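J.: Take a look at this one; I'll ask things after.
Values quoted throughout were computed directly from the atomic coordinates according to the rules given, and no laboratory measurement underlies them. As the structure is a computational prediction, the values presented were derived from the model and not from experiment. All Cβ positions, glycine included, derive from the backbone under ideal geometry; neighbour counts span all protein chains shown.
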Amino acid sequence: MTYFEGIEVWLASDLQVMLGYTGWDDFKEVVSRAMEACVNSGEALGDHFVELNKMVELDSGATKVVKDLMLSRYACYVLAQNGDPRKEPVAFAQGYFALKTRKYELIEERLKLDERIRAREKLNGTEEKLLKSVFEKGVDRLGFKRINRKGDRELFGGNAASKLKKKMGVPANRSLTDFLPTITIKAKDFAAEITNFNIGAQHIHGEKDITKEHMKNNRDVRELLKKRGIRPEELPAEEDIKKVRRRAGYIDENILKQDKRLRG
């Protein structure tokens, strides 16, 4: 492996030796098949296989220019997949890249789960801050629940949480938010952040005025979503956040297992 203009690359001549091919004539057939596979997969050939000239020193001490290829990580993977599996180095490389591919798939899935988990945790934190703010402004816990409930109605186009739970198949004893898609969780969080800020900045007191402020902020966030063709009440429910957290933990364990196998 080497670096070209800050990009990680491999040389085909080096990979040829690593995969157990003694001559370029045999290996160039593998390169040809790999290039074809690259094109067939929709990748731009020039992004993964780049010709270059390099100077090599001969036994006589003279030098000459020979052609080589700079390869991306993906190109190395495709070359290994198109090599002769009867060669032990090729079989090893194929197994290695299979593990690598699976690891990257797990990481990609984990990142998607993490976005929703972090959004839910962020909303929890924002609502805790809002709860503290309304307490300081003379509103008790029941009042806070009423404020949130009325704000949610504005965000969901007048629909109550109980109605949305039935529509989305959410258990009656569970929080609707645990089944909302990430964008809706973030919308709730944004509206709550604005309310919390304005309570302090505009010196808003009492349940009536805080409710009015929170309803307005949720209504404004809804209008912003509608301009982008998004209506929160029409979005389908997503996987229970409790299951998402468990699945994220399972993926973390699998990533560690993949790392151990890669290290051998």
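J.: Can you tell which of Val65, Ala201, Leu224 lies farthest toward the positive end of the dipole of the chain, using +1 and -1 charges on the Cβ of basic and acidic side chains (Lys, Arg; Asp, Glu)?
T.: Toward the positive end, the furthest listed residue is Ala201.
J.: Follow-up question, since we're still on this one. What list of ³J(HN,Hα) values in whole Hz, one per residue of segment 113-120 in order, does the Karplus curve 6.51 cos²θ - 1.76 cosθ + 1.60 (θ = phi - 60°) give from phi, with Gly and Pro shown as x?
T.: Karplus-based 3J(HN,Hα) across segment 113-120 equals 5, 5, 4, 6, 4, 5, 5, 5 Hz.
J.: Which FRET efficiency, nearest 0.05, do Arg149 and Glu115 yield, Cβ-Cβ r, R0 25 Å?
T.: Details: r = 26 Å, r/R0 = 1.06.
After rounding to 0.05, the efficiency reads 0.40.
J.: Test of understanding: extend the Cα→C-beta vector of Glu51 to 7 Å, then name every residue of segment 62-92 with backbone N under 13 Å from that spot.
T.: Only 66-70 fall inside the zone, counting backbone N under 13 Å.
J.: Enumerate by residue number the chymotrypsin sites (Phe, Trp or Tyr not before Pro) in segment 102-171 meeting two conditions: DSSP loop (anything except H, G, I, E, B), and at most 15 other Cβ atoms within 10 Å of the site's Cβ. Present the calculation step by step, with values, prior to reporting the outcome.
T.: Numbers: sites: Tyr104, Phe135, Phe144, Phe156; in loops: Phe156.
Nothing satisfies the criteria.
J.: To the nearest 500 deg cm²/dmol, what mean residue ellipticity at 222 nm is calculated for the chain from DSSP H runs of n ≥ 4 alone, each contributing -39,500 (n - 2.57), summed and divided by the residues? All intermediate terms of the calculation are to be shown ahead of the outcome.
T.: Working: 9 runs with 170 residues, N = 264.
Value at 222 nm, helices only, nearest 500: -22000 deg cm²/dmol.
J.: In nm, to one decimal, how far is the modelled label at Phe135 from the one at Arg174, with both set 7 Å along Cα→Cβ?
T.: Taking the simple label geometry, Phe135 and Arg174 are separated by 2.9 nm.
J.: Which label belongs to the value computed from this structure, given these candidates for semi-axes √(5λ) of the Cα gyration tensor in Å: (i) 44, 21, 17; (ii) 39, 29, 14; (iii) 59, 20, 17?
T.: So the structure-derived entry is (iii).
J.: Would you please state which residues of segment 139-161 a label at Asp209 would reach in this model, taking the label point 7 Å out along Cα→Cβ and a backbone N cut-off of under 16 Å?
T.: Answer for this model: 139-140.
J.: To continue, here is another question. So which trypsin sites (Lys or Arg not before Pro) in segment 167-252 end up in coil per DSSP with only 12 or fewer other C-beta atoms within 10 Å?
T.: Details: sites: Lys167, Arg174, Lys186, Lys188, Lys208, Lys212, Lys216, Arg219, Arg222, Lys226, Lys227, Arg228, Lys242, Lys243, Arg245, Arg246, Arg247; in loops: Arg174, Arg228.
Here the trypsin sites (Lys or Arg not before Pro) that fit, given the DSSP loop and packing criteria, are Arg228.
J.: Report the normalised scattering of segment 116-264 as log10 I(q)/I(0) at q = 0.09, 0.17, 0.18 Å⁻¹, calculated by the Debye formula with identical scatterers on the alpha carbons.
T.: So the normalised log intensities work out to -0.34, -0.95, -1.04.
J.: Anything over 20 Å Cα to Cα? Flag those among Lys137/Lys216; Lys112/Lys145; Lys129/Lys243; Lys132/Lys212; Lys163/Lys212; Lys188/Lys216, in the order listed.
T.: Working: Lys137/Lys216 18 Å; Lys112/Lys145 30 Å; Lys129/Lys243 26 Å; Lys132/Lys212 18 Å; Lys163/Lys212 22 Å; Lys188/Lys216 12 Å.
Pairs exceeding 20 Å: Lys112/Lys145; Lys129/Lys243; Lys163/Lys212.
J.: Go through segment 155-170 residue by residue and turn each phi into a ³J(HN,Hα) via Karplus (6.51, -1.76, 1.60, θ = phi - 60°); whole Hz please, and just put x for glycine and proline.
T.: 5, 9, x, x, 7, 6, 4, 4, 5, 5, 4, 5, 5, 8, x, 8
J.: To continue, here is another question. How high is the FRET efficiency from Ile183 to Arg246, r the C-beta distance, R0 30 Å, rounded to 0.05?
T.: Working: r = 23 Å, r/R0 = 0.75.
After rounding, the FRET efficiency stands at 0.85.
J.: With θ set to phi - 60°, apply the Karplus curve 6.51 cos²θ - 1.76 cosθ + 1.60 along segment 36-46 and write out the HN-Hα couplings as whole Hz, x wherever there is a Gly or Pro.
T.: Whole-Hz 3J(HN,Hα) from phi for segment 36-46: 5, 5, 4, 5, 5, 7, x, 7, 7, 4, x.
J.: Something else: So, R0 is 45 Å and r is the distance between the beta-carbons of Asp220 and Arg102; what FRET efficiency does that work out to, to 0.05? All intermediate terms of the calculation are to be shown ahead of the outcome.
T.: Details: r = 44 Å, r/R0 = 0.99.
Efficiency at R0 = 45 Å is approximately 0.50.
J.: Given contacts defined as C-alpha pairs under 8 Å and at least six residues apart, what's the relative contact order of the chain, whole-number percent?
T.: 19 percent
J.: Distance between Cα centroids, segment 5-40 to segment 133-152: provide it in whole Å.
T.: 65 Å
J.: To the nearest 10 degrees, how steeply does helix 241-263 sit against the main Cα axis of the chain, on a 0 to 90 scale?
T.: Taking Cα atoms only, the helix is inclined about 20 degrees.
J.: Follow-up question, since we're still on this one. Starting from segment 66-100, pick out the trypsin sites (Lys or Arg not before Pro) whose DSSP state is loop and whose Cβ has at most 14 other Cβ atoms within 10 Å. The partial results should precede the final answer.
T.: Working: sites: Lys67, Arg73, Arg86, Lys87, Lys100; in loops: Arg86, Lys87.
Passing both the DSSP loop test and the Cβ count: Arg86, Lys87.
J.: May I pose another question? For segment 105-263, with only Lys/Arg (+1) and Asp/Glu (-1) charged at the beta-carbon, what is the dipole magnitude about the Cα centre, in debye rounded to 20?
T.: Details: 40 positive and 28 negative charges, 83 e Å.
With only Lys, Arg, Asp and Glu charged at Cβ, the dipole is about 400 debye.
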